[in-house]
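A short worksheet on the structure shown next.
Readers should treat all values here as calculations from the given coordinates under stated rules, not as data from a laboratory. Just so you know, these numbers come straight off a predicted model, no measurement behind them. Methodologically, a virtual Cβ is constructed for each residue, glycine included, from the backbone with ideal geometry; neighbour enumeration extends over all protein chains shown.
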Amino acid sequence: MADQAAPAAKPLAERTYEFRPPPTIRLISSDLDGTMLYEHRTITPRVRAALDACREAGLLVVPNTGRQHLKLAALLHEAGGPVGLAVTNNGAVGVDLSSGDMLFEELIDPDAQLNLGERLSAELPEVRFWALRSGARVSVLQHGYRDLMTELEIVHGGPIGDSGPLPEVLGEPSIKLIVRHPQLPPHHLLNEIQRLELTGFHATTSGAPFVEVQGAGVTKATGIGRLTALLGVEPAEVLAIGDELNDVEMIRWAGYGVAMGNALPQVKAAADAVTAANSADGLALVLEALLAVSEVTAS
């Protein structure tokens, strides 16, 4: 298991097979944006080929993402990615994308939401909240949040619900809260949230222009942990790979954790190995190496 105190892993030479995952891996928990997905929500041909080869070899690839699940099946189908079991909303939801069935759901307590909203708004009056509820099929935006969104976010980020005052937005349990400020970048806004030293939720970033909040203790690690328990897969049999702050817990939890070459320093420090960047088919290199190890073991 990855150790935060371990020295930074040696980067993988681009487009080589120096990376050697354990032969015991049965499941790959893969981040999407910046890891599996390339520019314009696409998957490169080499990554698609590696994903197909994993499926043929009986290795399960589970998308593990901060994205909502309602549009995820269509996105992955169009890109040529795996449309099956997935963990979404930073660990709050387990879902079978092929059927739409939700396997589990973790909610944020309304009291914790309201406390965060009131305290943070007192410190930063321009901050705005967006709550996703009821399996992410319902959402409510605080007045003024929509003005901070780009057209691309409105098209792909739905469902975009009605706008309301802060107590209405935060008054019911949510799968996820999205917190945004017109000037502060997400990592700075996250620091402001952490400085309040509040409890009852977990806040992180995913590379998007906002902070994402889940229930207390809910991370990509807890989400994939619940899913693998249902499948009878042990943590030691999981390879996790990602690039952003919301991937750190997942990478530490897994039997083997890998950071993308484009990952944040905190992610690389948490990982057992570092692959090439997303722009250099880093995920494909890992999957190809895993398949090579599996073939040797099988023979």
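Below 8 Å, C-alpha to C-alpha, sequence gap of six or more: please give me the relative contact order for the chain in percent. Relative contact order here is 27 percent.
Rank by packing, highest mean first: peptides 206-215, 56-65, with packing defined as the count of other Cβ atoms within 10 Å averaged across residues.
Output ranking for 206-215, 56-65: 206-215, 56-65.
Once the Cβ-Cβ distance of Glu168 and Ala229 is raised to the sixth power relative to R0 = 45 Å, the FRET efficiency obtained is 0.80. Comparing Leu177, Leu227, Leu148 in a Gaussian network model of the chain, where Cα atoms under 10 Å apart are tied by springs, the biggest mean-square fluctuation is seen for Leu148. Each of Ala74 and Thr150 was given a label point 7 Å from its Cα along the Cα-to-Cβ line. The distance between the two points is 2.0 nm. Across region 254-262, rounded Karplus estimates of 3J(HN,Hα) from the backbone phi angles (6.51 cos²θ - 1.76 cosθ + 1.60, θ = phi - 60°) give 5, x, 9, x, 10, 9, 5, x, 8 Hz, Gly and Pro being marked x. Spatially close Lys pairs in the chain, defined by Cα atoms under 22 Å apart and a spacing of eight or more places or different chains, total 5. Kirkwood's formula applied to the C-alpha pairs of region 110-215 gives a hydrodynamic radius of 13.6 angstrom.
Near Ser29, the amide H atoms lying under 5 Å from its own belong to Val62, Leu239, Ala240, Ile241; only residues 5 or more places off or on other chains count, and H is placed 1.01 Å from N.
Taking 20 Å as the cut-off, the amide N atoms of region 211-227 that come nearer than this to a point 7 Å along the Cα-to-beta-carbon line of Glu192 belong to 211-214. Convex hull volume per residue, computed on the Cα atoms of region 160-295, equals 155 Å³. Rounded to the nearest 5, the antiparallel percentage of DSSP beta bridges internal to the chain is 55%. For the chain, the convex hull drawn through the C-alpha positions has a volume of 120 cubic angstrom per residue. For the chain, the longest principal axis of the C-alpha atoms and the axis of helix 220-231 are separated by about 60°. The long axis of helix 110-123 is offset from the longest Cα principal axis of the chain by roughly 70 degrees.
Please give the FRET efficiency for Arg20 paired with Ala216, using the beta carbon to beta carbon distance and R0 = 35 Å, rounded to the nearest 0.05. My answer for the efficiency is 0.40.
The helix-only estimate of mean residue ellipticity at 222 nm for the chain, built from DSSP H runs of length n ≥ 4 each weighted as -39500 (n - 2.57), is -9500 deg cm²/dmol after division by the residue total. The distance linking region 46-92 with region 253-278 is 19 Å (Cα centroid to Cα centroid, whole angstrom). Placing a pseudo-label 7 Å from each Cα along the Cα-to-Cβ vector at Arg48 and Ser279 gives an inter-label distance of 2.2 nm.
Each label point was placed 7 Å from the Cα along the Cα-to-Cβ direction; for Glu123 and Arg41 their separation is 3.4 nm.
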